[in-house]
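The values are calculated or read from the model by the stated rules, or taken from the named source; none is laboratory data. If you're wondering where the values come from, they're calculated on a predicted model, not measured in any experiment. Don't worry about glycine lacking a Cβ; one is built from the backbone with ideal geometry, like all the others, and counts go over all protein chains shown. To get the accessible areas, we keep the full protein, side chains included, count just its heavy atoms, and leave off ligands, DNA and RNA. Shrake-Rupley method; radii C 1.70, N 1.55, O 1.52, S 1.80 Å.
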Amino acid sequence: MIQARGITRTYQTHGSFTGDRTVHALRGVDFTLPDGGAVSFIGESGCGKTTLGKILTGLETFDGGELVVDGVELSKLRPRQREKYFRRIQMIHQDPYSALNPTRTVEATLGDPLRMRAKETGAPVSAWRERAAELLTLVGLEPAAVLPKYPHQLSGGQRQRVVIARALTVDPTVLIADEAVSMIDVSMRLGILSLLRDLRARLGISLVFITHDVATARYVGDGGELHVIYRGEVVERGLTDEVILSPVHPYTQCLLSAVPVMRGLEEPGPDRTAPTAALDERTPTPGCLFQPRCPFAGAQCAETHPVLVPFGADAVGTDAAEANVTGADVTGADVTGADATEESGHVHACFYPESRRVVGVEVGAASA
Amino acid sequence: MSEVEVRDLTVEYQTSVGWLPAVAGASLDLRAGQITGLVGESGSGKSTLALSLLNAVPAPGRIAGGTIEVAGVGDLTRLGGKQLRKARGGAIGYVFQASQNSLNPLKTIGRQLLDLGRSHEVGDLRALIARAKDLANRMGLDGDRVLDSYQHELSGGMRQRVGIVFALVLNAKVLILDEPTTALDMLSQASVLDIVRKVHDENQLSTLIITHDIGAISEIADRLAVMYGGRIVEDGPLLEVLRRPTHPYTKALIGATARITGDVDGARALPGRPPDLTTVARAGCVFRDRCPFAVEVCAQTEPELHSFDSERRRACHVEPSTVLTGTTGTPAAVGEPA
Ligand SMILES: Nc1ncnc2c1ncn2[C@@H]1O[C@H](COP(=O)(O)OP(=O)(O)OP(=O)(O)O)[C@@H](O)[C@H]1O
Ligand SMILES: Nc1ncnc2c1ncn2[C@@H]1O[C@H](COP(=O)(O)OP(=O)(O)OP(=O)(O)O)[C@@H](O)[C@H]1O
Ligand code: SF4
Ligand SMILES: [Mg+2]
Ligand SMILES: [Mg+2]
């Protein structure tokens, strides 16, 4: 079980033209990933998805918040002690072109971690070849054909599957899949998604699924939660299908409206909408981060920063009661709603939440 | 009227086992005022076909047969040198796959734009710049900043849009876009496709968009062509092909697409693996190994691409109705009252 509480990550960059700049990659993200569970993160390019994935695998540090793995707060541990927790959390990296060492064959890439794992578990080291073949078959590759190859001899989709196989060599308990199927052939993509679903069901592996292709997030299995990130902040969260079918945050609605509709088979959702402007990070946003682009912004949005509250709990209070949702950018000006502590349930950070139907619906199913 | 007529095009690459066709006997029309979507498996020959339309197949590749008639230009396969360079970019605007990596790193975008204008003997360079800025702005970029930037100062998605500006800016009549939105998130993709559609309509272009995202293409294309193993296996008006796919591969492809609503278990992966140059079947139908409808003749004779229903074509031995209603593999046609 992983619990993240108010994770923040800020980068300072020094450009010779742009001067010093602060990038808020993550502004306080929290989520809970139960054993065998699945959480998905969606959001525009640059919203902080990969940064979050890297933090969860120990590849990146965070500068605020807590990361609790199996009840242990990791930032309290010394680096050496932390390692043991991170080792079983494996990341499938976004870019299979840079994730594989170009000078090593697939055999070498899988061999090292497999032999190391065998030593750890006391299994016969010689069994690694069999295991490598098994893993490659699992991800739909022909072991004999692929093992002797170097990365440049593989297609994008094949590389991506080698990266997945490598992540599985250490028998991870948690997999972080960062755009893990983006380069895989459409005809095989579902196969890889059902592999991930299977890993959850059979081996109890839990899954963090990062993508900007929302439709794929539906395929990672039951009970999955969807988190919608905007500029480093979770703006809506709920069961995957609930958020997709009845999103309440305008950003989620814009994002989902942009998902292509399969004409002929689907028709556009009745409430389809779009941002009123392109993203401009230079515009200061003391209130809601989405306000400058929001088609539904009201009086309050420019000044006050909304935090996550359950949908349906009537009043979005304006009292500055301490936010239960540690994730929010808690300042004096922030407001909290009723009780946002519930782990599940549909929550959002918007002053004017309204459920809208924006995604394409199957033709014929609409009227039902 | 067709602006581009491809006939019996065969393109081969040299491999360790000799010359092998990546595109085999393809025939395709790009009609004036229409957007044609080309979808298909990775490695099915889409980019190779697109490169042929510019007679720009890279070595070790060659156009081994067929013709490509472009209105006002002639048979491209016979052009060379200066005439060919003029056609590229001038008559035919294009964005290659991964062209976000093909900008010149040493020059600003604005300089490269001027170079492009000069090489095509554009008289009014100022107007060219103004038009480029306008296009950039309409795609959600800051036109001034982009023109002053070097490639490394732009994100992947920004570069991709710059490529599209380059393709549109010379007012070509034919536009070829190879995977124009793969590096983009959904919101940027929507704005790029929107502007492509608008420019296409404003100038009555003949546009070919290559993608593996059948959803994205369905939003903007008028016609759809489907490739598999170097062959065009089906084409026709987009809505008809999507609603009533008659080639088993088209049907499987639609059925394997992750969908945002509806039953998750309704979608199915195709069994087996996509072929490449060396593994594609030499005799019979290229899809037969993965085809749930295959019958004996499929292993022996290659099905020809033939017309049916006036506007449509398919290459399959089995009857359209069998594929349409067949319960093998993926569910029968969705969305049509029986
Ligand atoms: N090492 C770094 N130094 C400075 N800024 C960084 C660094 N790493 C990430 N960022 C910035 O942090 C933000 C979040 O980046 P991240 O890679 O997490 O985005 P993402 O959501 O994964 O986007 P994409 O969908 O494009 O992969 C971006 O604005 C990015 O430019
Ligand atoms: N220079 C080359 N030499 C040898 N074979 C090549 C060369 N370029 C492409 N091929 C092969 O030709 C076939 C068609 O490639 P092409 O790039 O046209 O496919 P595609 O449909 O565009 O695929 P993708 O969707 O992955 O871009 C593939 O099997 C590929 O491996
Ligand atoms: S020709 Fe035969 S193998 Fe090929 S798609 Fe049609 S039924 Fe399937
Ligand atoms: Mg990322
Ligand atoms: Mg291609």
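Hey, any hits in the stretch A:136-152 for a residue that's more than 21 Å from residue A:211 (Cβ to Cβ), aromatic (Phe, Trp, Tyr) and assigned to a loop (DSSP other than H, G, I, E, B)?
Yes: the stretch A:136-152 contains one or more residues that are more than 21 Å from residue A:211 (Cβ to Cβ), aromatic (Phe, Trp, Tyr) and assigned to a loop (DSSP other than H, G, I, E, B).
Out of B:246, B:250, which single residue is away from ligand 5 (no atom under 16 Å from the Cβ), in a helix (DSSP H, G or I) and buried (at least 24 other Cβ atoms within 10 Å of the Cβ)?
B:250
Residue A:141 passes all but one of (1) in contact (Cβ under 8 Å) with a residue 40 or more places away in the chain; (2) not assigned by TED's automatic domain parsing to the domain that holds residue A:3; which number fails?
Condition (1) is where residue A:141 drops out.
Quick grid of which residues meet (1) within 16 Å of ligand 4 (Cβ to nearest atom); (2) open to solvent by less than 40 Å² (accessible area, probe 1.4 Å); (3) closer than 13 Å to residue B:174 by Cβ:
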| residue | (1), (2), (3) |
| --- | --- |
| B:4 | no, yes, yes |
| B:11 | no, yes, no |
| B:62 | no, no, no |
| B:90 | no, yes, yes |
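For the stretch A:153-173, give me each residue that is modelled with pLDDT under 90 and either assigned to a helix (DSSP H, G or I) or more than 14 Å from chain B (Cβ to nearest Cβ) (or both).
A:153, A:156, A:157, A:158, A:159, A:160, A:161
Would you confirm whether any residue within the stretch A:68-84 is more than 16 Å from ligand 5 (Cβ to nearest atom) and either touching a Cys at 6+ places or on another chain (Cβ under 9 Å) or within 14 Å of chain B (Cβ to nearest Cβ) (or both)?
Checking the stretch A:68-84: not a single residue is more than 16 Å from ligand 5 (Cβ to nearest atom) and either touching a Cys at 6+ places or on another chain (Cβ under 9 Å) or within 14 Å of chain B (Cβ to nearest Cβ) (or both).
Yes or no: the stretch B:189-209 includes at least one residue that is open to solvent by 10 Å² or more (accessible area, probe 1.4 Å), under 21 Å from residue A:276 (Cα atoms), modelled with pLDDT of 90 or more and more than 11 Å from every other protein chain (Cβ to nearest Cβ).
Scanning the stretch B:189-209 turns up at least one residue that is open to solvent by 10 Å² or more (accessible area, probe 1.4 Å), under 21 Å from residue A:276 (Cα atoms), modelled with pLDDT of 90 or more and more than 11 Å from every other protein chain (Cβ to nearest Cβ).
Quick one: residue B:219 ticks every box in (1) part of a loop (DSSP other than H, G, I, E, B); (2) facing chain A (nearest Cβ under 7 Å) except a single one, so which number is it?
Unmet for residue B:219, out of (1) part of a loop (DSSP other than H, G, I, E, B); (2) facing chain A (nearest Cβ under 7 Å): (1).
Considering only residues that are open to solvent by 70 Å² or more (accessible area, probe 1.4 Å) and away from ligand 2 (no atom under 16 Å from the Cβ), look in the stretch B:268-287 and name the one that is nearest to the other protein chains (Cβ to nearest Cβ).
Residue satisfying both the conditions and the ranking: B:268.
Among the residues of the stretch A:232-245, is any within 8 Å of chain B (Cβ to nearest Cβ), more than 16 Å from residue A:43 (Cα to Cα) and assigned to a loop (DSSP other than H, G, I, E, B)?
no
Need pairs with beta-carbon distance below 7 Å; first residue away from chain B (no Cβ under 11 Å) and within the stretch A:272-283, second assigned to a loop (DSSP other than H, G, I, E, B) and surrounded by fewer than 16 Cβ atoms within 10 Å (Cβ to Cβ); sequence gap 6+ or separate chains.
A:273/A:295; A:276/A:295
Per-residue answers, yes or no, for (1) within 28 Å of residue A:274 (Cβ to Cβ); (2) modelled with pLDDT under 50; (3) crowded, with 19+ Cβ neighbours inside 10 Å; (4) of a type in the set (A, V, I, L, M):
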| site | (1), (2), (3), (4) |
| --- | --- |
| A:299 | yes, no, no, yes |
| A:305 | yes, no, yes, no |
| A:316 | yes, no, yes, yes |
| A:322 | no, yes, no, no |
| A:335 | yes, yes, yes, yes |
| A:340 | no, yes, yes, yes |
| A:343 | no, yes, no, no |
| A:350 | yes, no, yes, no |
| A:365 | yes, no, no, yes |
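Out of (1) farther than 19 Å from residue B:89 by Cβ; (2) within 14 Å of another protein chain (Cβ to nearest Cβ); (3) touching a residue at least 40 places away in the same chain (Cβ under 8 Å), what's the single condition that is false for residue B:159?
(1)
Can you tell me which residue within the stretch B:153-178, out of those that are basic (Lys, Arg) and part of a helix (DSSP H, G or I), is most open to solvent (accessible area, probe 1.4 Å)?
B:159
Restricting to the stretch A:52-86, what's the tally of residues that are open to solvent by less than 50 Å² (accessible area, probe 1.4 Å) and either touching an Asp or Glu at 6+ places or on another chain (Cβ under 6 Å) or within 16 Å of ligand 2 (Cβ to nearest atom) (or both)?
2
Since residue A:163 meets every condition but one in (1) farther than 27 Å from residue A:125 by Cβ; (2) within 16 Å of ligand 1 (Cβ to nearest atom), which condition does it not meet?
Of everything listed in (1) farther than 27 Å from residue A:125 by Cβ; (2) within 16 Å of ligand 1 (Cβ to nearest atom), residue A:163 misses just condition (1).
Please go through the stretch B:288-321 and pick out each residue that is surrounded by 15 or more Cβ atoms within 10 Å (Cβ to Cβ), within 9 Å of ligand 3 (Cβ to nearest atom) and away from every other protein chain (no Cβ under 14 Å).
If the condition is that a residue be surrounded by 15 or more Cβ atoms within 10 Å (Cβ to Cβ), within 9 Å of ligand 3 (Cβ to nearest atom) and away from every other protein chain (no Cβ under 14 Å), then B:288, B:293, B:294, B:298, B:302, B:303, B:314, B:315, B:316, B:317, B:318 are the ones that fit.
Could you run through the stretch B:58-83 and say how many residues are more than 16 Å from ligand 2 (Cβ to nearest atom) and basic (Lys, Arg)?
Qualifying residue count, the stretch B:58-83: 2.
Being open to solvent by 10 Å² or more (accessible area, probe 1.4 Å) and assigned to a loop (DSSP other than H, G, I, E, B) is the filter; apply it to the stretch A:182-204 and report the residue that is nearest to residue B:291 (Cα to Cα).
The residue in question is A:185.
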